[in-house]
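See structure below.
The values are calculated or read from the model by the stated rules, or taken from the named source; none is laboratory data. This one's a predicted model, so the numbers in the text were calculated from it and none came from an experiment. Methodologically, a virtual Cβ is constructed for each residue, glycine included, from the backbone with ideal geometry; neighbour enumeration extends over all protein chains shown. When the accessible area is computed, the model is the full protein with side chains, heavy atoms only, and any ligands, DNA or RNA have been set aside. Shrake-Rupley method; radii C 1.70, N 1.55, O 1.52, S 1.80 Å.
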Amino acid sequence: MSSNEIGFSNQRNIVLNDFSQFELLLESVGLPKDNIVAPPEERNRIMAALPDFVGSLSPETKRDARYLSKFIAGSAIGLFDASLNYVWNEVVVTLRNKVTVYGLDIFFDAAVGEKLREQYQSEEDLAGLKDQTLLDTCRKLELISDIIHKKLSHILTMRNDIGASHPNTYSINSYELLGWLTTCINDVLQDGPSRSAITVKSIVDNLKRNKSHLEQEIVESFKRSIKDLSSVMAGNLLTSLYGLFVSDKTEKLTQENILKLAPIVWEHTTDNFKYDLGEKHDNYKAKLDHSRMSYSERFFEECDGKRYYSLDTKSVKLSSLCDDLVSAHNGLDNYYHEPPIVKSIMSFIKKAEDIPAEREEKIINSILTCRIGREVGYRNGVSPGARDSYDGFLKLLNKEQTILVINLMKNPEIRNKLSGSIRRNNAAEILEHLKTPLIGDRLIEIIDYMISSKNHLENVFYEKKFIELTNGII
């Protein structure tokens with residue numbers, strides 16, 4: 001073996017030889033050599049740790065972990081920014097596999113707005129989703145936990161900011177890379193969905209397979225067990241039942257069984273999910289999809305939920321614009337694509353009362369997400385052309401809507417993004433915009449406490465003083 005090759009002395013000890021000749025080659029042809037490959041001690045640290053990491057994986061997992069092989073190759077050479085990309089690619093591939101096993105219809109119902117839902121049908125369509133959407137939906141469906149969502153959101157931020165996918169001059173060290181690899185292996189490759197997620201999948205799968213009418217005893221048992229699901233998981237289940245019911249591919253017997261369970265789930269689901277279904281119904285109506293519209297009407301009638309459909313044109317339009325805004329925010333060149341969308345949103349909203357109550361949470365959550373921005377230094381992570389529109393919207397909010405903003409910040413979808421200093425500062429600016437005399441002294445006191453705790457804002461919601469201040473208010 002030559003002095004410039006990589007060899008394995010045994011399964012426990014990988015030896016890296018000197019790559020100085022490679023740097024001399026770069027220098028001889030006039031190319032930069034600084035911060036191109038990691039120093040030998042950094043590469044050796046990665047190689048020494050790899051046998052234990054990889055040894056913890058099952059043979060089945062290792063057989064398909066192609067990006068882990070590329071990670072090892074990149075780390076051995078010293079291209080740590082490329083290795084970070086490979087870690088992230090392995091995360092994405094693994095999550096997509098989990099989604100496929102869990103159920104594509106359930107996943108796409110939760111991930112994609114009604115306007116684009118028909119375009120997402122197969123496993124190949126997963127590639128059309130933004131990585132952040134993949135993460136957020138996996139958390140929403142409890143395919144990953146809140147803490148894993150937080151870790152993976154951080155890795156995604158690092159991958160976008162300092163990985164090989166974008167130009168940068170940051171030098172990744174071996175400890176950082178090993179930490180991200182640990183998350184990939186321990187928390188993604190070897191982690192499974194929550195008990196609630198398995199319950200939802202089992203209910204949907206059993207309904208599809210069942211060839212007889214559900215007995216009343218089973219329905220009563222279901223009524224008792226559904227109480228243990230969180231409101232979000234109950235909403236996910238209701239959405240899945242609705243999608244299965246209105247499909248032309250669903251057998252009549254399955255539809256009849258769904259109607260026995262749907263009203264029970266409906267009782268445990270929040271209005272936001274019900275309005276989402278109402279929006280789907282309106283969409284079928286607008287498209288003259290008489291088959292699905294007829295099934296949808298039957299579903300709503302059985303659940304006594306007709307008041308949740310036939311949203312006015314303004315509500316439907318704003319909801320669609322919010323889908324577009326979040327999609328633009330999670331995509332490439334978001335600084336340029338966000339401004340025209342949020343300006344369209346603001347053309348409907350001049351005061352707090354202009355925000356439709358039935359879509360209030362969705363609209364506020366969309367603006368909040370984009371104004372908190374990304375963990376990047378340029379323009380503090382917020383689209384410069386959209387910032388004034390976001391701030392103008394926030395300054396319009398009344399007391400009840402301000403309380404909703406704080407509650408949304410507590411949700412993992414937002415809270416997990418507050419671990420970086422840039423997003424924390426942006427969140428503090430948001431809170432400042434919410435402070436008006438009209439919201440009352442106690443709410444201002446709560447906001448001031450949050451601003452004073454901005455350096456650990458993601459944890460402030462669990463602090464004793466915050467809980468005391470918000471008792472009976474938030």
Cα gyration tensor of the stretch 154-265, axes a ≥ b ≥ c as square roots of the eigenvalues: rounded (a/c below 1.5), prolate (a/b > b/c) or oblate? prolate
Restricting to DSSP H runs of at least four residues, report the calculated mean residue ellipticity at 222 nm for the chain, -39500 (n - 2.57) per run over all residues, nearest 500 deg cm²/dmol. -20000 deg cm²/dmol
Under a cut-off of 14 Å between alpha-carbon atoms, report the aspartates and glutamates in cross-link reach of residue 351, not counting same-chain residues fewer than 8 places apart. 360, 391, 400
Between the helical axis of 231-246 and the dominant principal axis of the chain, each derived from Cα atoms, what acute angle in degrees is found, rounded to the nearest 10? 70
The chain - accessible surface per residue (Å², probe 1.4 Å): 47
Helix 441-452 versus the longest principal axis of the chain: what angle, 0 to 90°, nearest 10, using Cα atoms? 10
Gyration tensor verdict on the stretch 102-203 (Cα atoms; rounded if a/c is under 1.5, prolate if a/b is larger than b/c, oblate otherwise): oblate
Heavy-atom accessible area of residue 176, protein chains in place, probe 1.4 angstrom, given in Å² to nearest 10, is 50
Burial ranking of peptide ranges 443-451, 58-66 (average Cβ count within 10 Å, highest at the top): 443-451, 58-66
In what sequence, largest accessible area first, do 223, 395 appear using a 1.4 Å probe? 395, 223
HN-Hα J couplings of the stretch 99-111 from phi, Karplus 6.51/-1.76/1.60, θ = phi - 60°, integer Hz, Gly and Pro as x? 4, 4, 5, 5, x, 5, 4, 4, 5, 5, 4, 8, 9
Just one of (1) 76, 61, 45; (2) 67, 60, 45; (3) 70, 52, 40 is Cα extents along the principal axes in Å calculated from these coordinates, so which is it? (1)
Tilt relative to the chain, helix 131-140 - C-alpha long axis, 0 to 90 degrees, to 10: 50
Starting from the Cα gyration tensor of the stretch 427-474, take the square roots of the eigenvalues, sort them a ≥ b ≥ c, and report rounded, prolate or oblate (rounded when a/c is under 1.5, otherwise prolate if a/b is larger than b/c, else oblate). oblate
Roll a 1.4 angstrom probe over the protein heavy atoms and tell me the percent of accessible area of the stretch 236-283 that is carbon or sulfur. 47
